[in-house]
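What follows is calculated from the coordinates using simple rules that are stated; it is not laboratory data. These numbers come from a predicted model, not from an experiment. Every residue, glycine as well, gets a Cβ built from its backbone with ideal geometry; the counts of neighbours run over all protein chains shown.
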Amino acid sequence: MLSKSQAKLFFILFTSGFSLVFLWLTIDTIRAVPERSNQKQMTEEVVHGKQLWEQNNCMGCHTLLGEGAYYAPELTTVYARRGAVWIKTFIKDPQAMFPGERKMVQYDFNEEELDALVAFFEWIGKIDTNGFPAKPDMVMAPVATSVGDDPLKDAPEFYKQVCVACHAVGGQGGNVGPALDGVAARYSPEELDRWLADPQSVKPGTAMPNLHLADDVRERLGSWLLTLKK
């Protein structure tokens, strides 16, 4: 059993030791913050995007870094999952992307504001969050047509970032819309162009949104789709 003097010495030594460890850990954490928080990449555009996020109360539905509401998807890694083109296309008209399935408000942001939001999502996605949010335990593996073959290798970037969310080619992509394998055998160039320009005019009530594609984007998509003959 310790005497009073020994107990006092024990208390002083261990309290001081743990205090020094705590102080060192605190200093080490503070020193690591600029690098782990991606502070060097915080541009004025990123700050503008953060301001838009706050001004429009996006946290009322979404979460970032685990903070916010869980009514709508978590967006910490949305840039890595979707890319700039998909994000901008969706924010411009959420209902057009998922008719009748999305309750997100259409905010009518201009191009500068959309670019700022994308920059903010890109920046926050590069913060070292030590693995948060965790990747899903089960992931559906894409089906390749043959060993080493990538069916989307020559696809336009717009297809890879937007269309792939709903359509599949060679087993890669979403299943909201029909798979596009062999689409060139089913439609003429003119019919494909009409689909891309205004899906509702071809098939009223279709779930495919009118994305108001620019002529050059529509041309690149159509040219590539015409290569999918089987």
Problem set entry | Amide H contacts under 5 Å for Gln172, placed H, 5+ residues apart | Val143
Exercise. Can you give the relative contact order of the stretch 157-225 as a percent, counting alpha carbon pairs under 8 Å and 6+ residues apart?
Worked result: 24 percent
Problem set entry | Over the chain, volume per residue of the alpha carbon convex hull, in Å³ | 206 Å³
Exercise. With respect to the cross-link table entries Lys92/Lys229; Lys50/Lys126; Lys92/Lys203, which display a Cα-Cα separation exceeding 25 Å?
Worked result: Lys92/Lys229
Problem set entry | Rounded FRET efficiency, nearest 0.05, which uses the C-beta distance separating Phe109 from Asp215 and R0 of 22 Å | 0.40
Exercise. Quick one: Glu219, Glu112, fewest Cβ neighbours within 10 Å first, how do they rank?
Worked result: Glu112, Glu219
Problem set entry | Cβ-Cβ FRET estimate between Gln55 and Ala179, R0 fixed at 30 Å, reported to 0.05 | 0.15
Exercise. Cα-based Rg (one decimal) and Dmax (whole number) for the stretch 41-125, in Å?
Worked result: 12.0, 38
Exercise. Glu67 versus Gln39, label points 7 Å from Cα toward the beta carbon: distance in nm?
Worked result: 1.6 nm
Seminar exercise, completed: Once Lys and Arg are counted +1 and Asp and Glu -1 for all other residues with Cβ under 12 Å from that of Thr227, the total becomes +2
For this session: Order the peptides 159-170, 1-12, 72-83, 189-200 from the highest to the lowest mean number of other Cβ atoms within 10 Å of their residues.
Result: 159-170, 72-83, 189-200, 1-12
Exercise. Ordered by residue, what ³J(HN,Hα) values in Hz, to whole numbers, does the stretch 49-66 give under the Karplus form 6.51 cos²θ - 1.76 cosθ + 1.60, where θ = phi - 60° and Gly and Pro are x?
Worked result: x, 4, 5, 5, 4, 6, 4, 9, 6, 4, 5, x, 10, 9, 10, 10, 6, x
Problem set entry | Net lengthening on full extension, Lys229/Gln95 (0.36 nm per residue, minus Cα-Cα) | 45.1 nm
Exercise. If you take the square roots of the eigenvalues of the alpha-carbon gyration tensor of the stretch 157-225 and sort them as a ≥ b ≥ c, do you get rounded (a/c under 1.5), prolate (a/b over b/c) or oblate?
Worked result: rounded
Exercise. For the chain, what is the calculated [θ] at 222 nm in deg cm²/dmol (nearest 500), taking -39500 (n - 2.57) for each run of four or more DSSP H residues and dividing by its residue count?
Worked result: -14000 deg cm²/dmol
